[in-house]
Amino acid sequence: MEVHDLLNIFGRIISILPLLLGITLFMGRRVVGEMPIFDFLVIITLASVTGADIADPSVNHVYTAFAIVFIGLFQKLIGLLIIKKRVFGKLVTFKPIEVIKNGEILVDNLRSVQYSIDNVLQLLRQKNIFNIADVELAIIEASGKISVKKKPEKTTPTIEDLGLKKWNTGLAYPLIIEGKIDNTVLSHLNLTEETVRKKLLDKGIIRIEEIFLCTINDQNELHLAYTNQLSKLEELEH
């Protein structure tokens, strides 16, 4: 193999991968996440086309790019049809099927999805269920994952069941990262930089630039993480 061919392969890699990434993002998150059967076939096809283009310099690079773009557009069209036409969607995707009902395995349904008992037991264990008798209903979804509903007497009581009030501390937002305030977070929480500086001053912090990380929740409560240089200021907080 000549140097020219190696450079050709290198050029194909750095030009085709961004295109492949763009097409994948265009096709949508569903392709990467749930991976229905049709999307799985699309990914395999894209991988085959891309692999052949990279490995074989004799393959016309323009044709490969055209194939990738067309495959992406075709997948997008099929995705829209699946959403708008339920009948069509059922033809090109697997339908959910019950495999356990009232603690009993539905053997015929299990065979139709070609899952063994060991497969089902493993999926149940991943949901911290170790006894089939605890299951009221288990369904194998189109993605191959299992959805489980426990029997009422086997479910963990909720805060509502116990008649307790749950205190919500809210999400923690990264307000200051490596000494820089995120104005987006300030705007989201309707805060000003002056308010934040006052809260930090109450904790003995004078220089924002020396803060490695500071998060804030919906109740405007700060949580500070310091660099090694701030050991003395940490003592002020205590």
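The values are calculated or read from the model by the stated rules, or taken from the named source; none is laboratory data. Only a predicted model underlies this, so the values are computations on that prediction, with no experimental measurement involved. Because the Cβ atoms are built from the backbone with ideal geometry, glycine has one as well, and the counts that use them run over all protein chains shown. SASA here: full protein model, heavy atoms, side chains in, ligands and nucleic acids out. Shrake-Rupley method; radii C 1.70, N 1.55, O 1.52, S 1.80 Å.
Quick check, is Leu236 open to solvent by less than 50 Å² (accessible area, probe 1.4 Å) and either in a helix (DSSP H, G or I) or modelled with pLDDT of 85 or more (or both)? No; evaluated as a whole, the condition is false for this residue.
One line per residue, one yes/no per condition, for (1) closer than 24 Å to Glu153 by Cα; (2) without any contact (Cβ under 8 Å) to a residue 40 or more places away in the chain; (3) of a type in the set (Phe, Trp, Tyr); (4) out of contact with any Phe, Trp or Tyr (no Cβ under 6 Å at 6 or more places or on another chain):
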| residue | (1), (2), (3), (4) |
| --- | --- |
| Arg86 | no, yes, no, yes |
| Pro96 | no, no, no, yes |
| Asp108 | no, yes, no, yes |
| Ile117 | no, yes, no, yes |
| Asn128 | yes, yes, no, yes |
| Asp134 | yes, yes, no, yes |
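Filtering the range 119-129 to residues that are of a type in the set (Lys, Arg) and assigned to a helix (DSSP H, G or I) leaves only Arg125. Applying a threshold of 7 Å to beta carbon distances and a minimum spacing of six or more residues, or different chains, the list of pairs starting in the range 199-213 at a residue that is closer than 11 Å to Leu224 by Cα and ending at one that is outside any helix (DSSP H, G or I) and open to solvent by 100 Å² or more (accessible area, probe 1.4 Å) reads Phe212/Glu178.
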